[in-house]
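Nothing in this text is a laboratory measurement; each read-out follows from the coordinates by a stated rule. The model shown is predicted, which means the values in this text are computed figures rather than measured ones. As a convention, Cβ positions derive from the backbone with ideal geometry for all residues, glycine included, and neighbour counts pool all protein chains shown.
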Amino acid sequence: MQITFTEEHIPYVKKWLRDALPDIKATDRLQALARSLGFKSYEALLFNLNQNKLQFKLDSTLFIEYLSNRGHLISDRLFARVIMRTLLEAILQKETNLTTHGFGIPNRNGLTGEKYRDEFTKSIFEFYHNDYCDQLQLALIFLQASNKIKTINKKRSTYNLKHSAENLSREYEYNTQLGNYVSNGVFIAGCHIEAFTVKRVSWNSLNGYINISNRSVKALSNSKTIEKLIIIEKHN
């Protein structure tokens, strides 16, 4: 899976690395980040990002190796979750009405005022939980394997499409370490990250429409396509 990284992501990734690895020196954290993104030093990474955006394969091997050589044991999922939190925060700073439910929150109990705001804020913070970070990774795998079209596709809402992303794991046992659930809001965040055009279904709907190809969605419901996807990811 490829990640697009820009200079705007740096403050967020530094924050989440510090949060995940508070007992490791900042210089080691940032050096490990640079190595994982293909640079010999953090300074070289910053210089590159100052010139243009960066695309890299999400792989924790070099990150873990660098810190392991300095006596630090790191879990396999830590680096990926730091990157997911970084991508999420950059989007949520812009899409301020987005929660894990989608656009806003379901107002089943007639919440108003402070109670509504508390529930809204709680749902935003959920994005940064480990399971939601894993959901985002599964959503991005699906979206990166899908094709964009010029117009908004109103045949499938984000709520429908999130099930297709879930089925990569649920039906085809692909990347099962990520679980088999994707929330509507996480899927919409993934659409923004992958530069899909997102349009809310209606002013009070939790769901959106995006400019996704029906053909690619159907293809990703085919076991042969999934097999090809696995091969491509292994070689990228």
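Summary table below
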| item | result |
| --- | --- |
| Residues with amide H under 5 Å from that of THR197, placed H, sequence gap 5 or more | ASN211 |
| Residue order, fewest to most beta carbons within 10 Å, for VAL182, VAL13 | VAL13, VAL182 |
| Length released on extending from ALA44 to PHE56, taking residue separation times 0.36 nm less the Cα-Cα span | 2.8 nm |
| Relative contact order [Cα under 8 Å, 6+ residues apart], region 1-110, whole percent | 31 |
| Alpha-carbon radius of gyration plus Dmax, which is the widest Cα pair, for region 1-47 in Å | 10.5, 29 |
| Residues PHE125, PHE79, PHE5 arranged by fewest to most Cβ contacts within 10 Å | PHE125, PHE5, PHE79 |
| Whole-percent pair-distance distribution, where bins are 10 Å wide, for the alpha carbons of the chain | 7, 30, 34, 22, 7, 0 |
| Length-normalised contact order for the chain - Cα pairs under 8 Å, 6+ apart - percent | 19 |
| Fewest-first ranking of HIS192, HIS129, using other Cβ atoms within 10 Å as the exposure measure | HIS129, HIS192 |
| Separation of alpha-carbon centers, region 1-43 and region 55-119, rounded to whole Å | 15 |
| Unit charges at the beta carbon, dipole of the chain: most positive-side option, TYR132, THR197, PRO11 | THR197 |
